[in-house]
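First comes the structure, then the notes that go with it.
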Amino acid sequence: LKTKYLNTKPWILNILWLNSTTKTQHNPKFSAGKQMTDKNNFNEQKLLRSYFKDGLLSTFPSKRTKQIGVLQLLIRKFELYKEYNEREVNEIIKQSIQCRDHCFFRRELINLKLLERDPRGKIYQRVI
């Protein structure tokens, strides 16, 4: 590892690695945009049963892999390549969760590169 990452927490390194691998090559194990298989469909149903109540996210998992899975389900509420302003993004997220912390979920979607924001921070777009 580079010296600038020596004091970085391990889960941040995982995100950095995930972002670098999805940009350069298709990694089917970690790709957010991978096609659904029977196993993935089972995991999706398990996530829906465990963390969603009445179609709304009721609890957020503590394990990072499950968090990514839940965020992948949440990003489906957005149309691919459609431009949204921040208010629209917040409304879509608010309609999908039971808690009030929509900003956390917006930041997580952006950090995982599931949702992109323009340099001015005004326009959001689903890219995966």
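Here are some notes:
- For the stretch 81-93, a residue qualifies if it is exposed (fewer than 15 other Cβ atoms within 10 Å of the Cβ) and not in a loop (DSSP other than H, G, I, E, B), and the qualifying residues are 83, 85, 86, 87, 88, 91.
- Checking each residue in the stretch 100-128 for being in contact (Cβ under 8 Å) with a residue 24 or more places away in the chain and either hydrophobic (A, V, I, L, M, F, W, C) or exposed (fewer than 15 other Cβ atoms within 10 Å of the Cβ) (or both) picks out 105, 109, 111, 112, 114, 115, 121, 122, 123, 127, 128.
- Yes/no for residue 88 being of a type outside the set (Ser, Thr, Tyr) and without any contact (Cβ under 8 Å) to a residue 40 or more places away in the chain: yes
- Scanning the stretch 40-67 for residues that are open to solvent by less than 40 Å² (accessible area, probe 1.4 Å) and over 17 Å from residue 102 (Cβ atoms) returns 40, 44, 47, 61.
To keep it simple, each residue is scored yes or no on (1) among the hydrophobic types (A, V, I, L, M, F, W, C); (2) in contact with a strand residue (DSSP E or B) (Cβ under 7 Å, 6 or more places away or on another chain).
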{"site": "83", "(1), (2)": "no, yes"}
{"site": "88", "(1), (2)": "no, no"}
{"site": "122", "(1), (2)": "no, yes"}
{"site": "128", "(1), (2)": "yes, no"}
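- Total residues in the stretch 38-80, condition part of a helix (DSSP H, G or I), of a type outside the set (D, E, K, R) and in contact (Cβ under 8 Å) with a residue 40 or more places away in the chain: 5
The values are calculated or read from the model by the stated rules, or taken from the named source; none is laboratory data. Since the structure is predicted, the reported quantities are computational estimates derived from the model, not experimental observations. In this analysis, Cβ positions are derived from the backbone assuming ideal geometry, glycine residues included, and neighbour counts consider all displayed protein chains. The accessibility values were calculated without ligands, DNA or RNA, using every heavy atom of the protein model including side chains. Shrake-Rupley method; radii C 1.70, N 1.55, O 1.52, S 1.80 Å.
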